[in-house]
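Remarks on the structure that follows.
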Amino acid sequence: MKMSTLGVHAGRWDFKERGIHASPIDLSSTYPVTNLEEGRQSLDDFANGAWQSANPIYSRLHNETVFLFEKAMAEMEKTNESVAFSSGMAAITAVILASKMRGRHILAIKPLYGTTDHLLSTQLLDVDVTFCEAHEIHDNITEQTSLIYLETPSNPTLTVVDIAHVVAQAGDIPVAVDSTFATPILQQPALLGATYVIHSATKFLGGHGDVLAGVVATDSVHGKLLRQVRLMTGANLHPLSAYLLHRGLQTLKLRVEKAQENAVEVVEFLENHPMVHSVFYPGRDSSSKEIVGRQMRGTGSVLAFEVHGGFESAAEIMKSVKLVTPAVSLGSVDTLIQHPAGLTHRVVDEETKRKYGISEGLIRLSLGVEDAEDIIADLERSLLVAQKRLSMSMKQDLV
Ligand SMILES: *Cc1c(COP(=O)(O)O)cnc(C)c1O
């Protein structure tokens, strides 16, 4: 079935039969075990990573509302299973911990979300990480390599990584793709051979800025591993959040497409603005355009732009916006603006920031579903405030 249909019905196919219309919210933390024989069997099943069993036993082991959202996500990503977590970072942590059952070496491609970069760069999870470029994967694989990690489009500079090219170098080593910026509407990494498709569900999947969550779509073998990690480490998704996410999927395609239309108009506006030095958006340069054409159905609704006047200009714009919300996060129905060097990527080392263009004048914008005209008017007015401040300070420098 087509994505619009899947978004509305995934994980709900038997609702008519069950006589229900909305997903039931099951808040039980524990479940009666009247048949101890059955209880023992279910506990064994979950300890071995089963997705469901006769008795849920305890909500860290299984929850119906979370399960329905997971089924829906698997359908949309074209994978056998998916595993939901309490946040995107919890999902990423579980993927790394699961990889340790195979070896202790990870290859990762920058740029990455600030906290992911931070997690991989510290020794917190006791893994060795080599950062390299997409074309250097093959040469950096060792006996111990157990995971290849990438993000596309990347946060915050919208670099596009060729997933199929990385998968081709990986052999039988699992490739994890953080697909948060694309959502299953714009790309399905599993169809290109990725083993783990990771989402910070906090962003587009929830879509309304009121849920913190993560999810990993994967095959049955790796689904089992992730559930074993989740059972032992306890970063479970709350059923209320699962309900909101499952509902969010029903409008995901509409939201992603409307926000993308807005982004295309805003890119056009920014590229022609005298205060803007450069605009970062998938498919704007010829090499990324070719990859986008092969692996994505659209270019999305997150962009970044560099303004003249560095930090002072960026701070002035963040202060001046009225309609646009100055806040981290992305993929919400409202347009969000933020300063990566000062906020989301503050924890990233200076060399990485320099190398990947995370400068003091860089601003990230996540388009919402408002009217493009109103968003542009707000940006235009804010850019003018920054422009005036900049020309004043340049005059002062001359005096
Ligand atoms: C926000 C984000 C994360 C982290 O997700 P949380 O839900 O905030 O834990 C990971 N990757 C990307 C690309 C993100 O944008």
Test for M232: is it farther than 20 Å from R364 by Cα, at pLDDT 95 or above, open to solvent by 10 Å² or more (accessible area, probe 1.4 Å) and within 16 Å of the chain's Cα centre (by Cα): no
Scanning the range 43-73 residue by residue, those out of contact with any strand residue (DSSP E or B) (no Cβ under 7 Å at 6 or more places or on another chain), touching a residue at least 40 places away in the same chain (Cβ under 8 Å) and open to solvent by less than 30 Å² (accessible area, probe 1.4 Å) turn out to be F46, G49, A50, L61, N63, T65, L68, A72
Report yes if some residue within the range 246-259 is without any contact (Cβ under 8 Å) to a residue 24 or more places away in the chain, assigned to a loop (DSSP other than H, G, I, E, B) and open to solvent by 20 Å² or more (accessible area, probe 1.4 Å); otherwise report no. no
The condition from (1) open to solvent by 20 Å² or more (accessible area, probe 1.4 Å); (2) within 30 Å of V8 (Cα to Cα) that Y281 misses is numbered (1)
- State whether the residues of the range 107-124 include one that is open to solvent by 10 Å² or more (accessible area, probe 1.4 Å), modelled with pLDDT of 95 or more and more than 16 Å from the ligand (Cβ to nearest atom). no
Of the residues in the range 329-354 that are free of Cβ contacts under 8 Å to residues at least 60 places away in the same chain and more than 14 Å from the ligand (Cβ to nearest atom), the one that is surrounded by the most Cβ atoms within 10 Å (Cβ to Cβ) is H339
Taking the range 308-328 and the residues there that are open to solvent by 40 Å² or more (accessible area, probe 1.4 Å) and within 16 Å of the ligand (Cβ to nearest atom), the one that is farthest from A213 (Cα to Cα) would be T325
Residue set K71, K100; condition of a type in the set (K, R) and over 26 Å from L244 (Cα atoms); output residue K100
Residue hits (the range 137-170; out of contact with any Ser or Thr (no Cβ under 9 Å at 6 or more places or on another chain) and acidic (D, E)) are D139, E143
Check your understanding: Does the range 378-388 contain at least one residue that is of a type in the set (S, T, Y), open to solvent by 10 Å² or more (accessible area, probe 1.4 Å) and either at negative phi or at pLDDT below 95 (or both)?
Key -> no
Restricted to the range 208-234 and to residues being touching a strand residue (DSSP E or B) at 6+ places or on another chain (Cβ under 7 Å) and over 24 Å from A182 (Cα atoms), the residue nearest to the ligand (Cβ to nearest atom) is R230
With criteria (1) open to solvent by 20 Å² or more (accessible area, probe 1.4 Å); (2) part of a loop (DSSP other than H, G, I, E, B); (3) more than 29 Å from Q250 (Cα to Cα), H165 comes up short on (2)
Taking the range 177-198 and the residues there that are in a helix (DSSP H, G or I) and out of contact with any Lys or Arg (no Cβ under 6 Å at 6 or more places or on another chain), the one that is surrounded by the fewest Cβ atoms within 10 Å (Cβ to Cβ) would be L192
So, first residue open to solvent by 10 Å² or more (accessible area, probe 1.4 Å) in the range 134-154, second residue in a loop (DSSP other than H, G, I, E, B) and not hydrophobic (A, V, I, L, M, F, W, C), Cβ within less than 6 Å, six or more apart or across chains; the pairs are Q144/G103; Q144/R104
Exercise. Does L205 fit the bill of being touching a Phe, Trp or Tyr at 6+ places or on another chain (Cβ under 7 Å) and crowded, with 23+ Cβ neighbours inside 10 Å?
Worked result: no
Taking the range 76-87 and the residues there that are within 13 Å of the ligand (Cβ to nearest atom) and open to solvent by less than 10 Å² (accessible area, probe 1.4 Å), the one that is farthest from G11 (Cα to Cα) would be F85
Going through the range 172-207 in order, the residues found to be more than 10 Å from the ligand (Cβ to nearest atom) and hydroxyl-bearing (S, T, Y) are T183, T195, Y196
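The values are calculated or read from the model by the stated rules, or taken from the named source; none is laboratory data. Being a predicted model, the structure only gives us computed values, none of them experimental. All Cβ positions, glycine included, derive from the backbone under ideal geometry; neighbour counts span all protein chains shown. The protein model used for the area step is the full one, side chains on, heavy atoms only, and it has no ligands, DNA or RNA in it. Shrake-Rupley method; radii C 1.70, N 1.55, O 1.52, S 1.80 Å.
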